[in-house]
Amino acid sequence: MTRNDVDGWVRVRGAREHNLKNVDIDIPRDSLVVFTGVSGSGKSSLAFGTLYAEAQRRYFESVAPYARRLLNQVGAPEVREITGLPPAVALQQRRGAPSSRSTVGTITTLSNLLRMLYSRAGTYPTGATHLAAEAFSPNTAAGACPRCQGLGKVHDVTEDLLVPDSTLSIREGAIAAWPGAWQGANLRSVVRGLGIDIEKPWRSLPRADRDWLLYTDEQPSVLVEPEAGRIDHGYYGKFWSAREHVMHVLSQSQSERMRERALRFVKSMPCPDCDGSGLRPEARAVTFAGRSIVEMNAVPLTDLADTLRMGVDATGATSPRAAAKPRNE
Ligand SMILES: [Zn+2]
C-alpha cells in the first residue's frame with residue numbers, strides 16, 4: 001500500500017451524507033479514533049457512509065472488473081473532498097448472531113480475494129485439476145472436507161474414554177463403552193471366539209488387538225459355542241468395535257438416556273483428515289508463495305502484503321493483477 005497522505009491527517013470537507021450538515025473534519029492517521037454521539041447524530045454516516053465509502057470507491061476503481069463482483073460496493077458518498085485517505089477495510093457491527101464460521105477475512109471479503117488468487121494463480125500439484133475459487137472455502141460444498149463437513153472438528157472416541165480402567169480384563173468390563181446385559185455378554189463371547197484373551201488385563205493385550213477392538217469398522221460374525229449356564233446352543237454373533245457401537249448409538253438411537261451415555265465416550269477434536277482446517281485435501285494441496293491457503297490465512301495481516309508480494313515475484317508476474325489474470329474472462 002502506498003501512503004498518499006502528506007501530513008498524517010485525513011481531511012474531510014463538506015460531508016453531506018444522510019443527515020450530515022456540510023461537515024468539515026480532520027482525523028489523525030494511524031491512530032485509534034472514536035466517534036461518539038447520541039443515536040442519529042451521524043456517526044455511521046461519517047465513518048461508513050463517507051470515509052469507508054470513499055476509500056472503497058477508490059479501491060474499487062483499482063481492481064479488475066471480474067474481481068468487483070466479489071466486493072459489496074457501497075455507493076459514492078456525498079462529500080466535496082477527502083484527502084489523505086488510505087485504502088480501508090471496515091468491520092461493521094453485525095445484526096443477529098454472528099456465525100461461528102465468521103472471521104475477519106470472511107467479514108471483510110478479503111477471503112474471497114485470496115480464494116480467487118489461489119484458484120487462478122496457485123501452484124497445483126502435477127496432474128491436479130483446476131479448482132474454482134469456491135473450492136478454497138470450507139463453507140462451500142465444493143471445498144468442505146468430506147469427513148467433518150467443513151467444521152474442522154470431529155467427535156471421536158479415545159482409548160482413555162472407552163477404557164477408563166486398563167487394569168480390568170474384557171470379561172471384567174474393561175471396554176466401558178460397550179453395552180451391558182445380554183449384548184455385552186454376547187460381545188465378550190464373540191471376542192473370545194475371535195481368539196482374543198478376555199481374561200487378561202486390558203493393558204497387557206497387544207496394541208494391534210486393542211486398536212482393532214476399539215476402532216475397527218469390520219463386523220465379522222463368529223460362531224459362539226454353547227456355554228454352560230449361559231448359552232444352550234451355539235449361534236453366530238456379530239462383532240462391533242467400541243467406536244462403531246458409540247457412533248451407532250449417537251446417530252441412530254431414539255433413547256436420550258443411551259445417547260447421553262454414549263456422549264461420555266466421545267470428545268471434540270481437530271479433524272485428522274484436514275488438520276482442523278475444514279478444507280478438502282485437493283484445495284489444501286494448492287500453494288501460493290509456498291503456502292497453502294490454510295497457511296496463508298494464518299499469516300498475520302501485517303505480514304500478508306509482503307508474503308503475497310513474494311509469491312507474485314516468484315510467478316514472474318509484474319503485479320498481483322497480472323498474476324491473478326482470469327483464464328477465460
Ligand atoms: Zn475435516
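The values are calculated or read from the model by the stated rules, or taken from the named source; none is laboratory data. None of the values given here were measured: they were computed from a predicted structure. Using ideal geometry, Cβ is built from the backbone for each residue, glycine included, and neighbour counts are taken over all protein chains shown.
In the stretch 295-307, the condition of being within 14 Å of the ligand (Cβ to nearest atom) and under 18 Å from Leu131 (Cα atoms) is met by no residue. The residue pairs whose first member lies in the stretch 35-47 and is in a helix (DSSP H, G or I), whose second member is of a type in the set (Gly, Ala, Ser), and whose beta carbons are closer than 6 Å, counting only pairs six or more residues apart or on different chains, are Lys43/Gly37.
Out of the residues in the stretch 130-167 meeting the condition of being within 16 Å of the ligand (Cβ to nearest atom) and of a type in the set (A, V, I, L, M), tell me which one is surrounded by the fewest Cβ atoms within 10 Å (Cβ to Cβ).
Quick first cut of the stretch 130-167, residues within 16 Å of the ligand (Cβ to nearest atom) only: 135-156.
Among the residues that remain, those that are also of a type in the set (A, V, I, L, M) are: 135, 141-142, 144, 151, 154.
Details: Ala135: 21, Ala141: 10, Ala142: 14, Ala144: 21, Leu151: 18, Val154: 19.
Checked the stretch 130-167; the qualifying residue surrounded by the fewest Cβ atoms within 10 Å (Cβ to Cβ) is Ala141.
Taking the criterion of being of a type in the set (S, T, N, Q) and surrounded by 15 or more Cβ atoms within 10 Å (Cβ to Cβ), the only residue of the stretch 268-280 that qualifies is Ser277.
Tell me the residue from Ser277, Ser268 that is within 16 Å of the ligand (Cβ to nearest atom) and assigned to a strand (DSSP E or B), please. Walk me through how you get there before you give the answer.
Working: Ser277 fails: assigned to a strand (DSSP E or B).
Going through Ser277, Ser268 in turn, the sole match is Ser268.
Condition check ((1) surrounded by 14 or more Cβ atoms within 10 Å (Cβ to Cβ); (2) farther than 27 Å from Gly152 by Cα) across all residues:
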{"residue": "Ile175", "(1), (2)": "yes, yes"}
{"residue": "Gln183", "(1), (2)": "no, yes"}
{"residue": "Leu187", "(1), (2)": "yes, yes"}
{"residue": "Asp197", "(1), (2)": "yes, yes"}
{"residue": "Leu214", "(1), (2)": "yes, no"}
{"residue": "Ile231", "(1), (2)": "yes, yes"}
{"residue": "Gly234", "(1), (2)": "no, yes"}
{"residue": "Met258", "(1), (2)": "yes, no"}
{"residue": "Val266", "(1), (2)": "yes, no"}
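Just one of the listed residues (Asp211, Asp217) is closer than 22 Å to Lys267 by Cα, under 41 Å from the mean Cα position of the chain (by Cα) and either part of a helix (DSSP H, G or I) or at pLDDT 95 or above (or both), namely Asp211. From the set of residues in the stretch 17-56 that are among the aliphatic types (A, V, I, L, M) and more than 34 Å from the chain's Cα centre (by Cα), which is nearest to Arg80 (Cα to Cα)? Here the answer is Val23. Screening Leu250 on (1) part of a helix (DSSP H, G or I); (2) free of Cβ contacts under 8 Å to residues at least 12 places away in the same chain shows it passes everything except condition (2).
A count restricted to the stretch 133-173 and to residues that are modelled with pLDDT under 90 and in contact with a Ser or Thr (Cβ under 6 Å, 6 or more places away or on another chain) stands at 1.
Yes/no per residue for (1) assigned by TED's automatic domain parsing to the domain that holds Gly193; (2) at pLDDT below 90; (3) assigned to a loop (DSSP other than H, G, I, E, B):
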{"site": "His233", "(1), (2), (3)": "yes, yes, yes"}
{"site": "Trp240", "(1), (2), (3)": "yes, no, yes"}
{"site": "Val246", "(1), (2), (3)": "yes, no, no"}
{"site": "Arg259", "(1), (2), (3)": "yes, no, no"}
{"site": "Val294", "(1), (2), (3)": "no, no, no"}
{"site": "Thr302", "(1), (2), (3)": "no, yes, no"}
{"site": "Asp306", "(1), (2), (3)": "no, yes, no"}
{"site": "Ala314", "(1), (2), (3)": "no, yes, no"}
{"site": "Glu329", "(1), (2), (3)": "no, yes, yes"}
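The condition of being under 28 Å from Arg259 (Cβ atoms) and among the acidic types (Asp, Glu) holds for only one of Asp156, Asp197, Asp209, that being Asp156.
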